[in-house]
Amino acid sequence: MIHSMTGFGKAILQIENKKINIEIKSLNSKNLDLNVRMPQQYREKELILRNQIAKSLTRGKVDFSLYIESTKEAANSKINVSVVNEYIEQLNNISLAKEADLLAIAMRLPDVLKTEKEEIDEAEFEQIQQLLVEALENINDYRLNEGSVLENDFRLRIQTIGATLNQIIEMDPQRIEGVRERLQKGIAELKERVDENRFEQELVYYIEKFDITEEKVRLKNHLNYFIENLDSEVSNGKKLGFISQEMGREINTIGSKSNFAPMQQLVVQMKDELEKIKEQLLNVL
């Protein structure tokens, strides 16, 4: 069971006079890269929310947004009455204007409005944390569904590589016989008599250099191990990446040793499937 690092989760809560909205988006990344957007009044709680997100998502480029919308008609800015009165008193000393006119002038002067800092409501913050749990569940469900699509693709491509490997195994005796015939033909063209025992020894040595038995066995083991990890309860994209690297080494060695055009064509097909697997693995948690 694997999880994609691509996901989206959202949760909304309506409480008295406020609407709270949480959105979480994630893309692939080697580690957890978390970007947080939230109202200034909750900045002191940012670390708590970050830790809560990190425990759930572990990896990915994650954008977390917290929006709090007031549904009541209330102003955070209040008139600083003492400052306004002071302005009017000073204006009275230099002007004979009516008090209403002086008030209009005073209201345009600095510091007549003061913004009251809204304190954190701990009960409200607990509700935000619970809402975050819901959003994290949603994004993890999304990641699981995306992972299921990737898993099906991986299984098909591993199956294709396995089937191609079986073709190579079936073709191998023909390849070895072709090597033997080319050597014998080369000796015949030299029109030289050779020691048959010595020739057989050299032929065995030469053929051993092109033997791919170990590579075939190891590649088949890597394919089985890859599927075994797909069936695991834990999603480990890094481990699957390491296995795919080992698969690539065996496929490359088979290609370099094959010295047989039909087999090299099959190797190219396996490489193509493996590259597509590696590309998709970058998005696996």
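Give me the pairs, please: first residue somewhere in segment 25-48 and more than 30 Å from Glu279 (Cα to Cα), second residue anywhere and part of a loop (DSSP other than H, G, I, E, B) and aliphatic (A, V, I, L, M), beta-carbon distance under 9 Å, and either six or more positions apart or on two chains.
The qualifying pairs are Gln41/Ile120; Tyr42/Ile120; Glu44/Ile120; Lys45/Met38; Lys45/Ile120; Glu46/Met38.
So in segment 146-160, with the set limited to residues that are within 14 Å of the chain's Cα centre (by Cα) and over 14 Å from Ser244 (Cβ atoms), which one is surrounded by the fewest Cβ atoms within 10 Å (Cβ to Cβ)?
Here the residue is Glu146.
I want to confirm something. Restricting to segment 243-285 and keeping residues that are within 27 Å of His3 (Cβ to Cβ) and acidic (Asp, Glu), which single residue is nearest to the chain's Cα centre (by Cα)?
Ranking the candidates gives Glu279 first.
Is it fair to say Ile139 is in contact with a Phe, Trp or Tyr (Cβ under 7 Å, 6 or more places away or on another chain), surrounded by 13 or more Cβ atoms within 10 Å (Cβ to Cβ), in the same structural domain as Lys18 (by TED's automatic domain parsing) and not basic (Lys, Arg)?
Considered against the rule, which asks whether it is in contact with a Phe, Trp or Tyr (Cβ under 7 Å, 6 or more places away or on another chain), surrounded by 13 or more Cβ atoms within 10 Å (Cβ to Cβ), in the same structural domain as Lys18 (by TED's automatic domain parsing) and not basic (Lys, Arg), Ile139 comes out as yes.
Give the residue, chosen from Leu96, Leu136, Leu144, Leu156, that is free of Cβ contacts under 8 Å to residues at least 12 places away in the same chain, under 22 Å from His3 (Cα atoms) and among the aliphatic types (A, V, I, L, M).
The match here is Leu156.
Looking at Phe199, is it surrounded by 12 or more Cβ atoms within 10 Å (Cβ to Cβ), at pLDDT below 90 and either in contact with a strand residue (DSSP E or B) (Cβ under 7 Å, 6 or more places away or on another chain) or among the aromatic types (Phe, Trp, Tyr) (or both)?
yes
Can we say Gly255 is at pLDDT below 95, part of a helix (DSSP H, G or I) and not hydroxyl-bearing (Ser, Thr, Tyr)?
Here the answer is yes, as Gly255 does meet what is asked.
A quick yes/no check of all residues on (1) among the acidic types (Asp, Glu); (2) surrounded by 14 or more Cβ atoms within 10 Å (Cβ to Cβ); (3) not assigned by TED's automatic domain parsing to the domain that holds Leu32:
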site	(1), (2), (3)
Leu219	no, yes, yes
Asp231	yes, no, yes
Lys238	no, no, yes
Ile243	no, yes, yes
Gly248	no, yes, yes
Ile254	no, yes, yes
Phe260	no, yes, yes
Val267	no, yes, yes
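For the list (1) in contact with an Asp or Glu (Cβ under 8 Å, 6 or more places away or on another chain); (2) modelled with pLDDT of 80 or more, I need the number of the one condition that Ala104 fails.
(1)
Can you find a residue that is assigned to a strand (DSSP E or B) and modelled with pLDDT under 90 anywhere in segment 48-69?
Yes, the conditions are met somewhere in segment 48-69.
Assigned to a loop (DSSP other than H, G, I, E, B), at pLDDT 80 or above and over 17 Å from Gly9 (Cβ atoms): is that true of Lys72 in this structure?
Answer is no for this residue.
The values are calculated or read from the model by the stated rules, or taken from the named source; none is laboratory data. Just so it is clear, the model here is predicted, and its values are computed rather than measured. Here Cβ is always computed from backbone atoms with ideal geometry, including for glycine, and neighbour counts include all displayed protein chains.
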